[in-house]
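The values are calculated or read from the model by the stated rules, or taken from the named source; none is laboratory data. Remember, it's a predicted structure, so these values are computed and weren't measured experimentally. Heads up, the Cβs are rebuilt from the backbone with ideal geometry, glycines too, and the neighbour counts pull from every protein chain shown. Remember, those area values only see protein heavy atoms, side chains included, never the ligands or the DNA or RNA. Shrake-Rupley method; radii C 1.70, N 1.55, O 1.52, S 1.80 Å.
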2 protein chains.
Amino acid sequence: MDRLKGNLVVAQSGGPTAVINASVAGVAEEAFKNEDVITGVYGSLHGIEGILYENLIDLGKEDRATIHGLIETPAAALLSCRHKLTEADYDRILDVFKAHNIRYFFYIGGNDSMDTAYRVSVLAERSGYELRSVGVPKTIDNDLAFTDHCPGFGSVARWVASSVRDAGLDTEAIGVVDKVKVIEIMGRNAGWVTAASALARDHEDAAPHLIYVPEKPINMDRLLNDVQRVYDRLGYCVVAVCEGAKGEDGKPLMASTSAVDVDAFGHAQMGGVADYLCKVIAAKLKLKARFDKPGTIQRVSSLLASPVDREEAYGVGAEAVRQALNGVTGKMVTIERLSNDPYKSRFGLVDSEKVANAEKLIPEEYLSPEGNDVTQAFLDYARPLIGGPLPKYAYLKKVAVAKKVS
Amino acid sequence: MDRLKGNLVVAQSGGPTAVINASVAGVAEEAFKNEDVITGVYGSLHGIEGILYENLIDLGKEDRATIHGLIETPAAALLSCRHKLTEADYDRILDVFKAHNIRYFFYIGGNDSMDTAYRVSVLAERSGYELRSVGVPKTIDNDLAFTDHCPGFGSVARWVASSVRDAGLDTEAIGVVDKVKVIEIMGRNAGWVTAASALARDHEDAAPHLIYVPEKPINMDRLLNDVQRVYDRLGYCVVAVCEGAKGEDGKPLMASTSAVDVDAFGHAQMGGVADYLCKVIAAKLKLKARFDKPGTIQRVSSLLASPVDREEAYGVGAEAVRQALNGVTGKMVTIERLSNDPYKSRFGLVDSEKVANAEKLIPEEYLSPEGNDVTQAFLDYARPLIGGPLPKYAYLKKVAVAKKVS
C-alpha cells in the first residue's frame, strides 16, 4: 500500500495532566521515524484553536532533546483549550488542513476532543480530502469508555494516594486539635480520582476512612453518622470527597452558579464541597474540621507521576501514528489490559464517535454498598496503574511503659 | 566527667512535617549508642500530654529497622499536640520525670515547645533534680530565631516550589479558560513557605508571577493592578498568597471568627484568603480566577521531601543527645550555615528561652519593595535547603509555521 504523504499536526485539549506531553513526544518521535511520508510535524497551539487561527508551530525545528524532554514535563506544552466548535469552524479546519497539506491529525484529549477528531474525519471524507484523524486518549478523570483506563489517571492516582496517606498521618498526629480532615478531589460526574485515594492504605485504620464519589449520592445524615462513628473509634477522621459529589436529588452538592464559572461546554465548575462539609460537620457534630483542596496541583505533579502512566501516555501517541500510517482514521487508540500481576497492556482501537458519546462512571462492583468506600475489585483494577508500590512507612508498635504516678 | 545516668524521653509538638520523625530517629539512634548511661529510650505520645498523662512508650522495644524507617515516614510518629501548660502541669511533669527516672528530655517543636523545654529545665534545676532538657527545632514555618533555618522548611519549600511551577504550567496551558490561579500557602505571620514558591522559576515568565506574604501588607488596588498587568502581558497570572496575608490595617485579610477555629494558644486559624482573592479578582477585573489550597498536604509530603532537610532533621536530633550527654540543658540546637555553594552547615546552641520569645519574619532584604515578590537574596538563602535542583523541564521554542489562509 502506498502510504499517504503529507504533513502532521498534533494538538492537546482539556485539562492538563502530568503526562499529556509524553503523548506529544510519542507522536512526534514516531513521526520523525517516518519522514519519508510525514514531511512536516506541526503542533497546534491551544488545541483546535491553533488550527482555526493557523497558530501552528514546527516541531521539526525543535531540538530533538527538547521533544524527548517533554516526556518528563507536565501540563500541556502545546497549550490547551476548551473550544466548542461550530459548523463554520469545521469548514475552516479543512481549509487550513488543505492549505498546509495536513494529512495526519492527532488530537490528544477526552470525550469532546474525540468528538472533534471524529467530525473532522467525517468532513474530510465527505469532501474527498484524504486525512487520517486519530484520537489519543487523555484525561485524569478516567471517564473514557472502551479503554481500560486513560493516560493521566495513573499519575493523579499516585499523587492522590500518596498525599491522602500523608494527610491521614498528619491528621492522626494533630487529631487532638483538628479532628476531621476533608480532602476535596477533582472530578465532575466520575469519582475515579477520589476512589484512588484508597490506594495507599497500608493498615486497617489508614486514611481515607470515608470516600464519597458522585456515583453514590450522599445522604447527609448518613455521612454525619459515618464521620461520628470513625471519630469515636479513632479520635480523628479523614474524608475524601469528589468535588462533583451529589446529593440525593442527583444534583451536585455544590455547583457554582456564577456565570464566570461555567465553561464553554456549559459544564458548571465544581468546588467548595469540602469547605461545605467542614461547616456541616462543625455545626452538627461539634467537631473541628479542616479541608485541603489541592485543586489543579494534583493533576500536573510531574515529580510524582506514575512511570507506567508516563510510558503508556507515550505509547498511545506513538501507536496513533503507526495506525494512521496503516490507514486508520476516525478511531481512538485504547489501552487493553492483558494481566494484573505482572501488569501488562496492549493498544487497541475504537471508533472515536463511540467514545465521544459515552462517559465511563465507576461501576457498581467497585463501590461499597454503603456508598462510602471502594471495594477490593477497584483496588485490584487501579493499583497497577500508579506504577509500583509507594514507599513503605515505619509504624511504631507503641509498647506502653507501665504508669508509676497515680 | 561522670555522665548522668537515667532514662530519656522524646516528644513531638505542633504541626507535623515531612521530616520531624527523622529527628526522633536521630535522638533514638544516638541514645541507643549510649546505653551505658541512657538506660531507657521512651517516647511521649501527643507531645507534653504524654508526660502529663504518663502515656509513654518504650522505643527500645521497637525493631531497630522501624526506628530507622522513621527517617522516611512523614507526620509525627509519636503524635503531636498543641497543649498550653499550666503551673500545676509543670509540677506534674517533674513528678512523672522523677517517677520514671527521666534525666534526658528532648522536645521537638517550635517556639511554644522551646518555652516548655526551657521551663521544665528551670523547674528541675530549682527543685534540685538533675535533668538535661534540650530543644530540637522543627517548623515548616521557618520562623524560629537564632537558627539559620528550621528542619521541615526545606521539604515544604521543595513541595511548594515544585507544585507552584507545575500549577503555573497548568494555568498557562489552560489560561484561555481559567485565567488567574491563586495558590494559598501555609503561614500565619511569617511568609517563608509562600516565598519558597519562587524557587522553581526557571525562565523569565515562570510562575508565580506575584507573591504576597504577611510581612508586606496588601493594598488591594495595587494587587488588582498587579494581576491585570501580568494578565495583559502573558494572558494568565499565577499568584502565591500566604494564608496569613495581611491588609493595610495590619490584620489578616481572612481570619476565621468561628470559635472552633481558634487553637489552644488563642491563635486564630487562617484560611480562605485565596477564595476571597478569587472573588475580588472576578468581580473587579472580570477575570475567571480559581484557587488551589493544598493545606496540610504541603507540609507532610514524604515523597517530595528535601534530602538536605531530612539529613539535618536527623542531625539536630542526634546532636541534641550528644550535647545533653555533655551536660547541656536549657538550650535548643541550631543550624549554622557555613557556605552556600557547596552548601555546608554545622550545629550550634542557643538558650531555649530566647527562641521561645522570638519570631523570625522574612527580613526586608528578601522582599521586593513593591511587596509582591522575593529578591535574589532570598533565593540564594533558600535554594540550598530544598536539596538539589528540581528536574529540568523541556520548553518548546515554538517556531511558527507561516500562515497560508487569510
Taking B:Lys397 as the anchor, which lysines have their alpha carbon closer than 20 Å to its alpha carbon, excluding any fewer than eight residues away along the same chain? A:Lys61
Projected area of the range A:1-55, taken from the Cα convex hull and averaged over every viewing direction, in nm²? 4.4
Let me cross-check B:Cys278: its accessible surface, 1.4 Å probe, with only protein heavy atoms counted, in Å² to the nearest 10? 10
For A:Phe106, what is the net charge nearby, where nearby means another residue's Cβ is under 13 Å from its Cβ and Lys, Arg count +1, Asp, Glu -1? +2
Radius, Kirkwood style, for the range B:138-178 when every pair of distinct Cα atoms is counted (Å): 11.8
For B:Leu4 and B:Ala402 in the same chain, what is the full-extension length gain: residue separation times 0.36 nm, less their Cα-Cα distance, in nm? 135.2 nm
Proximal lysines relative to A:Lys98, as straight alpha-carbon distance under 20 Å, when same-chain residues fewer than 8 apart are discounted: A:Lys5, B:Lys403, B:Lys404
Ranked by accessible surface with a 1.4 Å probe, highest first, in what order do A:Glu49, B:Glu184, A:Glu35 come? A:Glu35, A:Glu49, B:Glu184
With the label set 7 Å along Cα→Cβ, A:Arg233 is separated from its counterparts in the other copies, in nm and shortest first, by 5.4
Assigning unit charges at the beta carbon (Lys, Arg +1; Asp, Glu -1) and nothing else, what dipole magnitude in debye, to the nearest 20, does chain A show about its Cα centre? 1300
Once Lys and Arg get +1 and Asp and Glu get -1 on their Cβ, which of A:Asn142, A:Leu131, A:Ile108 lies farthest toward the positive end of the dipole of the range A:93-143? A:Leu131
What are the label-to-label distances in nm, one decimal and shortest first, from B:Asp2 to the same spot in the other copies, with labels 7 Å along Cα to Cβ? 10.3
Anchor A:Lys288: lysines whose Cα lies under 21 Å away (excluding residues fewer than 8 positions away in-chain): A:Lys179, A:Lys181, A:Lys279, B:Lys84, B:Lys293
Counting only Cα atoms, I'd like the Rg/Rh figure for the range B:313-406, Kirkwood definition for Rh. 1.26
Summarise the accessible area of the range B:101-142 (1.4 Å probe, protein heavy atoms) by the percent that is carbon and sulfur. 37
Pairwise burial B:A, computed as accessible area of each alone minus the pair, summed, 1.4 Å, Å²: 7300
Please give the charge dipole size of the protein assembly as shown, origin at the Cα centre, charges +1 on K and R Cβ atoms and -1 on D and E Cβ atoms. Round to the nearest 20 debye. 40
In vacuo Debye scattering of the range A:28-112, one point per C-alpha: log10 I(q)/I(0) at q = 0.17 Å⁻¹? -0.77
Test of understanding: in a Gaussian network model of chain A with alpha carbons linked when under 10 Å, which of A:Pro217, A:Pro342, A:Pro208 would top the mean-square fluctuation ranking? A:Pro342
Relative contact order [Cα under 8 Å, 6+ residues apart], chain B, whole percent: 21
For the range B:1-69, with all protein chains present and a 1.4 Å probe, just round the carbon and sulfur fraction of the accessible area to a whole percent. 45
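To the nearest whole percent, what portion of all C-alpha pairs in the protein assembly as shown is separated by more than 52 angstrom?
The share of Cα pairs beyond 52 Å in the protein assembly as shown comes to 16 percent.
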Please report, largest first and rounded to whole Å, the three semi-axes of the ellipsoid equivalent to the range A:93-166, where each semi-axis is the square root of five times an eigenvalue of the C-alpha gyration tensor. 34, 11, 8
Once amide H atoms are built 1.01 Å from N in the peptide plane, which residues 5 or more positions from B:Asn34, or in another chain, come under 5 Å H to H? none
Expressed as a whole-number percentage, the relative contact order of the range A:20-77 with C-alpha contacts under 8 angstrom and at least six residues apart is 48
Accessible heavy-atom area order of B:Met254, B:Met186, highest first, probe of 1.4 Å: B:Met254, B:Met186
How much net charge surrounds B:Lys403 when only other residues with a Cβ under 15 Å from its Cβ are counted (Lys, Arg +1; Asp, Glu -1)? 0
The range B:336-406 to the range A:22-55: how many Å between their Cα centroids? 37
Only Cα pairs within less than 10 Å get springs; with that Gaussian network setup on chain B, which residue of B:Gly60, B:Gly315, B:Gly14 has the largest fluctuation? B:Gly60
Carbon and sulfur %, accessible surface of the range B:356-406 computed with the full protein complex present, 1.4 Å: 56
Karplus ³J(HN,Hα) for the range B:284-297 (6.51 cos²θ - 1.76 cosθ + 1.60, θ = phi - 60°; Hz, whole; x = Gly/Pro) runs 8, 9, 6, 10, 6, 10, 10, 10, 10, 9, x, x, 5, 4
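I'd like the FRET efficiency for A:Lys279 and A:Asp95, computed as 1/(1 + (r/R0)^6) with the beta carbon distance as r and R0 of 51 Å, rounded to 0.05.
Values: r = 53 Å, r/R0 = 1.05.
It comes to 0.45.
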Suppose you put the label 7 Å out from Cα in the Cβ direction; list, shortest first and in nm with one decimal, how far B:Tyr53 is from each other copy's label. 6.1
Helix A:220-234 axis, angle to chain A major axis (alpha carbon atoms, nearest 10°): 60
Heavy atoms of the protein only, probe of 1.4 Å, neighbouring chains included. What is the accessible area of B:Thr86 in Å², nearest 10? 70
Residue-normalised value, i.e. accessible area per residue, for chain B at 1.4 Å probe, in Å², stands at 36
Compute the distance in nm between two label points, each set 7 Å from the Cα along the Cα-to-Cβ direction, one at B:Lys84 and one at A:Arg233. 3.5
In short, the range A:136-175 residues buried by 50 Å² or more of accessible area relative to the isolated chain (1.4 Å probe) are A:Asp166, A:Asp170, A:Ala173, A:Ile174
Can you work out the FRET efficiency for the pair A:Val122 and A:Glu359, with r the C-beta to C-beta distance and R0 = 22 Å, to the nearest 0.05? 0.55
Whole-number Å³ per residue for the convex hull built on Cα positions in the range A:163-232: 94
Report the antiparallel proportion of the DSSP beta bridges in the protein assembly as shown as a percent, rounded to a multiple of 5. 35
Just the number: Rg to Rh for chain B, Cα atoms, Kirkwood Rh, two decimals. 1.04
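Just to make sure I understand: if all protein chains stay in place, what is the order of B:Ser301, A:Ser345 by accessible area at 1.4 Å, largest first?
Working: B:Ser301 5, A:Ser345 40 Å².
Order by accessible area, largest first: A:Ser345, B:Ser301.
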Share, in percent, of DSSP beta bridges within chain B that are antiparallel, nearest 5: 35
